[in-house]
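*Asks:* There's a structure below that I have some questions on.
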Amino acid sequence: MRRPHIRSLAVAVAVTTTATGLAGTALAAPATGTGAGTASTSPASVVGAAVAVAFAHASATGLAPGDELHARDVLIDPEGARHVRFIRTHRGMPVLGGDMVVHLTRNLTYAGVTRAADHTVKTVATARLTARQAEQKAAAVAKGDAGGARLVVDARDGSSVLAYQVRVSDSDTTESGGSRTVVIDAVTGSVRSNAPDQDEFLSPRLLDTLRRRGETISPAVGTAPRSASSIVGSSIAGSSASAVSSAAVTAGRYPATAFGTGTSLFVGKVPLVTTRTAATTYVLKDPSRWGTETRDAKGAELEVFGQGKQFTTTNDSWGNGAVSSRTTAAVDAQYGITKTLDFYKKTFGRKGIENNSKGARAMVHFGNKVGNAFWDPYCDCMLYGDGDGSVIKKPLVVLDVTGHELTHGVVDATAGLEPTRYDNLGNQYGEPGSLNESLADVFGSNVEFSANNASNPPNYLIGEKLGLSQKFLRRLDKPSLDTMERTIDYWSPAVYDTEVHAGSGVSSHAYYLLAEGSGKKTIGSVTYDSPTYDGLPVTGIGRTKATAIYYRALTRYMVSTTDFHDARVATLKAAKDLYGADSAEYKAVDRSWAAVNVTAANTPAARN
């Protein structure tokens, strides 16, 4: 689940085409000048210019004395625009809800800002609680072991409150344990938020619904073979990796790239790129995808990847298609992760989940009878349980589950969309969290289309292989057909405090309408019939263009508090960037949001 805190203040800055080693240096208001100048594409010069114009336009950006900006990401668009995503500190303290994106022209002049909070952070009071008192309270609330408390400014919900932020590990407040982040008011001692750190694929509310209905999740396995020729072509590094591997092995040099075969639970035999570390030793680690690796958590609730056990074999053959082999679930996980990375790279040029040319990581066999799958931002990896043995019968290593959860990692590295609140069971509420879940479904379904695996045919259904009686968990064309999570088709004012998986239907529906249009149609083997709020038709522009618009909106124009009306504006800006304000694509974006009742006319008053 989205954690309401800043993980790091010095973050590597990447450009769309190249990951760089530039760290996000703390920068306060410049002494003179506005930063407008040359059209340099150097990340350092772009960041410097963005800081300068951000302070020069303080009335628009909300910056105040004592604020510093820390660059998290730099994007340089081919048409000339530059975008710098910042996190903020105030008098040296991290500002929760202080993130923003500063937009620049080709000439590095100010072009606008996208802000999470629309108020200026004010000077905050003096703490009355000690750090030790905050740690004790956080431990009691989250029922776990508290780490060190740090002072922050909580600027969420239109406030400027001095608070302590405490990470609590081994929490007993969720079924799978894990950690939580607790924010305690440093003056009153009240709990401002208590958020699980892991993003669970199956929400507490859904698990409760399954139990009440007496229904189980038991994904159907698949055994379709893959040809040997597909194994050789599976590396995104292409023939160069194969050539390097052959030369290295001939010379007896290790490690070397190798090409093996895995027998999975759900998609039959699949190609796997692995690492050969000796003549007869192979590791489930993919050097052609920046060292992407899956390990064994050995039944422990590990959140440190290095503590997982490496999967090795002597013949580069992995798994047996059944849970009797601990490696089988790892095959599905590794395959799903590499296919997700391939989708983001070949579609957007994104080099890894954080766009920093680093591999993705996963651990299977997480915990004892854990019936879920997670994106864990502290581990920076995927975690897969084996199922609880009653409601969840098998590991949730299905392809669209992996694509969904890893997309949470992409969102975490970009907009950082956060729920507005949590209940005491860990359920999330609010439109930014709903948008997060929706984007995970949107891009998760795109991972299926990109992989195009005959054993897992692509579609606009989420969790169709989970074995549910309604044949899917969620779907994008008519979300309300999901009766388990009571997903909704259209926006209304009540959506702002709807559980996030239910609320995700609004933007998922808008995306489907943009891609495929309204009405009845058959795509692949699935029949869809997408309605509209106003009864008027929508003509789709195709999945490729719709996906490009949503990705650009996420990475350039969304921040932690983006709601559905903000998302409408963000996608319109993205469509204008890509296709022009008078284009059919721009008009289709506007029409798709109107078709789910998100319009300029019904935009609520600002909540921040």
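The values are calculated or read from the model by the stated rules, or taken from the named source; none is laboratory data. Note that the structure is a prediction, hence the values are computed from the model and not measured. Using ideal geometry, Cβ is built from the backbone for each residue, glycine included, and neighbour counts are taken over all protein chains shown. Side chains are part of the model used for accessible areas, which takes the heavy atoms of the whole protein and leaves out ligands, DNA and RNA. Shrake-Rupley method; radii C 1.70, N 1.55, O 1.52, S 1.80 Å.
*Asks:* Criterion first (crowded, with 23+ Cβ neighbours inside 10 Å and either of a type in the set (Gly, Ala, Ser) or not in a strand (DSSP E or B) (or both)) does residue 300 satisfy it?
*Replies:* When the stated conditions are applied, residue 300 does not pass them.
*Asks:* Starting from residues that are assigned to a strand (DSSP E or B) and within 27 Å of the chain's Cα centre (by Cα), keep the ones in the stretch 266-282 and report whichever is surrounded by the fewest Cβ atoms within 10 Å (Cβ to Cβ).
*Replies:* Going through the qualifying residues, I end up with 271.
*Asks:* Within the stretch 303-322, restricting attention to residues that are buried (at least 17 other Cβ atoms within 10 Å of the Cβ) and not in a strand (DSSP E or B), which residue is farthest from the chain's Cα centre (by Cα)?
*Replies:* My answer is 316.
*Asks:* Could I ask something else about it? Need the failing condition index for residue 121 against (1) open to solvent by less than 10 Å² (accessible area, probe 1.4 Å); (2) under 15 Å from residue 62 (Cα atoms); (3) more than 29 Å from the chain's Cα centre (by Cα), just the number.
*Replies:* Single failed check for residue 121: (3).
*Asks:* Moving on. Select from the stretch 428-440 the residues that are open to solvent by less than 10 Å² (accessible area, probe 1.4 Å) and in contact with a Lys or Arg (Cβ under 7 Å, 6 or more places away or on another chain) and write down the one among them that is nearest to residue 344 (Cα to Cα).
*Replies:* Among residues in the stretch 428-440 that are open to solvent by less than 10 Å² (accessible area, probe 1.4 Å) and in contact with a Lys or Arg (Cβ under 7 Å, 6 or more places away or on another chain), the one nearest to residue 344 (Cα to Cα) is 436.
*Asks:* Within the stretch 323-352, work out how many residues are assigned to a loop (DSSP other than H, G, I, E, B), touching a residue at least 12 places away in the same chain (Cβ under 8 Å) and out of contact with any Phe, Trp or Tyr (no Cβ under 8 Å at 6 or more places or on another chain).
*Replies:* Going through the stretch 323-352 one residue at a time, the tally reaches 2.
*Asks:* Moving on to the next point. Residue 396: out of contact with any helix residue (DSSP H, G or I) (no Cβ under 6 Å at 6 or more places or on another chain), open to solvent by less than 10 Å² (accessible area, probe 1.4 Å), farther than 21 Å from residue 291 by Cβ and not charged (D, E, K, R), yes or no?
*Replies:* yes
*Asks:* Turning to a different aspect of this structure: Which of (1) among the acidic types (Asp, Glu); (2) modelled with pLDDT of 95 or more; (3) closer than 26 Å to residue 142 by Cα does residue 423 not meet, given it meets every other one?
*Replies:* (2)
*Asks:* Also, I was wondering about something else. Just give me the residues in the stretch 183-197 being in a strand (DSSP E or B), modelled with pLDDT of 95 or more and open to solvent by less than 10 Å² (accessible area, probe 1.4 Å), in sequence order.
*Replies:* 183, 184
*Asks:* Something else: Among the residues of the stretch 485-524, which ones are part of a helix (DSSP H, G or I) and acidic (Asp, Glu)?
*Replies:* 497, 516
*Asks:* Within the stretch 550-586, how many residues are among the hydroxyl-bearing types (Ser, Thr, Tyr), open to solvent by 30 Å² or more (accessible area, probe 1.4 Å) and assigned to a loop (DSSP other than H, G, I, E, B)?
*Replies:* 1
*Asks:* Within the stretch 429-476, track down each residue that is among the hydroxyl-bearing types (Ser, Thr, Tyr) and part of a helix (DSSP H, G or I).
*Replies:* 434, 438, 445, 450
*Asks:* Hey, among the residues in the stretch 506-549 that are among the hydroxyl-bearing types (Ser, Thr, Tyr) and under 16 Å from residue 442 (Cβ atoms), which one's most open to solvent (accessible area, probe 1.4 Å)?
*Replies:* The qualifying residue most open to solvent (accessible area, probe 1.4 Å) is 544.
*Asks:* Which ones in the stretch 143-169 are crowded, with 24+ Cβ neighbours inside 10 Å and assigned to a loop (DSSP other than H, G, I, E, B)?
*Replies:* Of everything in the stretch 143-169, those that are crowded, with 24+ Cβ neighbours inside 10 Å and assigned to a loop (DSSP other than H, G, I, E, B) turn out to be 149, 155.
*Asks:* Quick check on my filter: what residues within the stretch 532-549 are assigned to a helix (DSSP H, G or I) and not small (Gly, Ala, Ser)?
*Replies:* 543, 544, 545, 547, 549
*Asks:* Could I ask something else about it? Of the residues in the stretch 77-91, how many are within 28 Å of the chain's Cα centre (by Cα) and assigned to a loop (DSSP other than H, G, I, E, B)?
*Replies:* The total comes to 5.
*Asks:* Using beta carbons and a limit of 6 Å, which pairs, at least six apart or on different chains, have the first residue in the stretch 471-490 and over 20 Å from residue 540 (Cα atoms) and the second one part of a loop (DSSP other than H, G, I, E, B) and charged (D, E, K, R)?
*Replies:* 472/464; 474/482; 480/489
*Asks:* Check the stretch 485-505 and report whether any residue there is under 19 Å from residue 598 (Cβ atoms), of a type in the set (Lys, Arg) and either modelled with pLDDT of 95 or more or open to solvent by 10 Å² or more (accessible area, probe 1.4 Å) (or both).
*Replies:* Within the stretch 485-505, none of the residues are under 19 Å from residue 598 (Cβ atoms), of a type in the set (Lys, Arg) and either modelled with pLDDT of 95 or more or open to solvent by 10 Å² or more (accessible area, probe 1.4 Å) (or both).
*Asks:* Here is a follow-up. Only residues that are closer than 13 Å to residue 411 by Cβ and free of Cβ contacts under 8 Å to residues at least 60 places away in the same chain: list them for the stretch 552-574, please.
*Replies:* Selection gives 553 alone.
*Asks:* Also, quick follow-up: Would you mind stating whether residue 418 is more than 29 Å from residue 282 (Cα to Cα), buried (at least 24 other Cβ atoms within 10 Å of the Cβ) and of a type outside the set (Lys, Arg)?
*Replies:* Yes; evaluated as a whole, the condition is true for this residue.
*Asks:* Of everything in the stretch 587-608 that's open to solvent by less than 50 Å² (accessible area, probe 1.4 Å) and assigned to a loop (DSSP other than H, G, I, E, B), which residue is farthest from residue 504 (Cα to Cα)?
*Replies:* Among those residues, the one meeting the criterion is 608.
*Asks:* Now for a different question. Name the residues in the stretch 462-472 that are among the aliphatic types (A, V, I, L, M), within 22 Å of the chain's Cα centre (by Cα) and either surrounded by fewer than 23 Cβ atoms within 10 Å (Cβ to Cβ) or at pLDDT 95 or above (or both), would you?
*Replies:* If the condition is that a residue be among the aliphatic types (A, V, I, L, M), within 22 Å of the chain's Cα centre (by Cα) and either surrounded by fewer than 23 Cβ atoms within 10 Å (Cβ to Cβ) or at pLDDT 95 or above (or both), then 462 is the only one that fits.
*Asks:* Quick test for you: out of 145, 170, 208, pick the one residue that is at pLDDT 90 or above and under 25 Å from the mean Cα position of the chain (by Cα).
*Replies:* Of the residues listed, the single one that is at pLDDT 90 or above and under 25 Å from the mean Cα position of the chain (by Cα) is 208.
*Asks:* Looking at 443, 449, can you tell me which residue is among the aromatic types (Phe, Trp, Tyr) and either under 25 Å from residue 305 (Cβ atoms) or at pLDDT below 95 (or both)?
*Replies:* After applying the criteria, what remains is 443.
Rundown of residues vs (1) in contact (Cβ under 8 Å) with a residue 40 or more places away in the chain; (2) within 30 Å of residue 579 (Cβ to Cβ); (3) part of a loop (DSSP other than H, G, I, E, B); (4) of a type in the set (Gly, Ala, Ser), yes/no style:
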{"residue": "94", "(1), (2), (3), (4)": "yes, no, no, no"}
{"residue": "129", "(1), (2), (3), (4)": "yes, no, yes, no"}
{"residue": "132", "(1), (2), (3), (4)": "no, no, no, no"}
{"residue": "141", "(1), (2), (3), (4)": "yes, no, no, no"}
{"residue": "171", "(1), (2), (3), (4)": "no, no, yes, yes"}
